[in-house]
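Worksheet: one structure, shown below.
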């Protein structure tokens, strides 16, 4: 087991590891799936991005498919950058963007309580966080340091955190980058304008009512997608929907149903559990 020195991908080789994909009739117009799955020296490419932590163990931090490719063709793991910068005192949450762009940018929710404790004012947050990013990017070396192209050049500060309620965290509390991009797209795009510097957003983010409204707007899109299915596929979907509706009705009924008193036995020789 080892990490690719260039990409950080976890590579494994063992007797228990499969030898390759079974292809009945090879297609000369398609790449060899086995060749793409292994390195030249026989290591299997897991697709996981890892690092060696301070205890000497391999820690999985991202997927290769989540990597960002800059316009300069340099590849990087956004989660690695986020993990390093989250160690800064004034950064509570951070999301990195920059695919096919010249440099990285970030959406940052500051650690307001920490700033308050130190007596910092919001008007100074941009300068303070710029200083912290520079400090954290070069601190410690190894996994805790960033190369120049991994350092976000600009950022936007937001007042509302990423939460499940606003759709920016999933049920596992992982960031949903597409939702963060949707909410702060205007800010992110303007960060690539030369005269624009890091700043506070003017967008407070989607409210709860806006989230509900967005779900309603998705219904026509859902119906359009369903109309494109074949009859058999549509029937399968209908079965799944019927089961889902039944589950939700039963859950609602269970919540709203009044508590039932314990059933008393008609046999005077028997004592109910509630009277013991």
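Rule-based calculations on the coordinates, nothing more; no lab input. This structure is a prediction, so every number in the text was calculated from the model and none was measured. Reconstructed Cβ throughout: ideal geometry from the backbone, glycine too, with neighbour counts over all protein chains shown.
Below, the figures for the structure above:
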read-out: Pairwise FRET efficiency - residue 170 versus residue 230, Cβ, R0 = 35 Å, nearest 0.05; value: 0.70
read-out: Label-point separation in nm, residue 163 to residue 37, each point 7 Å along Cα→Cβ; value: 4.5
read-out: Whole-angstrom Cα spans of the stretch 1-137 along principal axes, big to small; value: 68, 35, 20
read-out: Alpha-carbon Debye profile of the stretch 67-226, log10 I(q)/I(0) at 0.11, 0.15, 0.17 Å⁻¹; value: -0.47, -0.85, -1.06
read-out: Estimated translational D of the stretch 120-205 in µm²/s (Stokes, Kirkwood radius over Cα pairs; 4 °C; 1.567 mPa s); value: 89
read-out: Cα convex hull of the stretch 41-100, projected area averaged across orientations, nm²; value: 5.8
read-out: Full-stretch length increase - residue 181, residue 2 - with 0.36 nm per residue and alpha-carbon distance subtracted; value: 61.1 nm
read-out: Ordering of 74-86, 234-246 by burial proxy (mean other Cβ atoms within 10 Å per residue, highest first); value: 74-86, 234-246
